[in-house]
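Structure first, commentary second.
Values quoted throughout were computed directly from the atomic coordinates according to the rules given, and no laboratory measurement underlies them. Note that this is a predicted model, so its numbers are computed, not measured. Cβ placement follows ideal geometry from the backbone for every residue including glycine, while neighbour counts extend to all protein chains displayed.
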Amino acid sequence: MNLSFSEGRIIANQHELVVRINGVSRASLQARVDDITLIGGANVVTATGSGVNWSIRLDSEEQLNQIAEAIGIAIQ
């Protein structure tokens with residue numbers, strides 16, 4: 001799945017999630033699906049574990065639902 005949002009792009013599949021941030025730095029955040037938590041209401045994706053610790057806020061609940069469907073985990 002490929003999803004654009006205001007700060008960049010998200011690439012997700014059943015195994016991993018990659019967030020590519022737009023801007024001068026062109027930063028990339030990557031995590032295994034096992035380390036991902038989706039937080040409803042705030043529309044936040046967090047990655048914690050295995051040396052990974054980051055979070056990013058999405059533009060809408062619809063985007064969070066699309067990610068949940070693509071990676072196969074429930075929104076909390």
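Quick look at the numbers
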{"read-out": "Relative contact order (%) - criterion: Cα under 8 Å, at least six apart; region: the chain", "value": "26 percent"}
{"read-out": "Dipole of the chain, positive direction: furthest Cα of I11, A70, S25, with charges on the beta-carbon", "value": "S25"}
{"read-out": "J(HN,Hα) series, the stretch 62-76, from Karplus relation 6.51 cos²θ - 1.76 cosθ + 1.60, nearest Hz, glycine and proline x", "value": "4, 5, 4, 4, 5, 5, 4, 5, 5, 9, x, 10, 7, 7, 9"}
{"read-out": "Highest to lowest packing among 29-41, 46-58, scored as the average C-beta count within 10 Å", "value": "29-41, 46-58"}
{"read-out": "Under 5 Å, built H, 5+ apart or other chain: amide partners of E16", "value": "V33"}
{"read-out": "Magnitude of the charge dipole, the chain, Cβ model with Lys/Arg +1 and Asp/Glu -1, debye to 20", "value": "280 debye"}
{"read-out": "Overall dimensions of the chain as given by Cα atoms, namely Rg and Dmax in Å", "value": "11.2, 33"}
{"read-out": "Virtual spin-label span in nm between V18 and T37, 7 Å along Cα→Cβ", "value": "2.6 nm"}
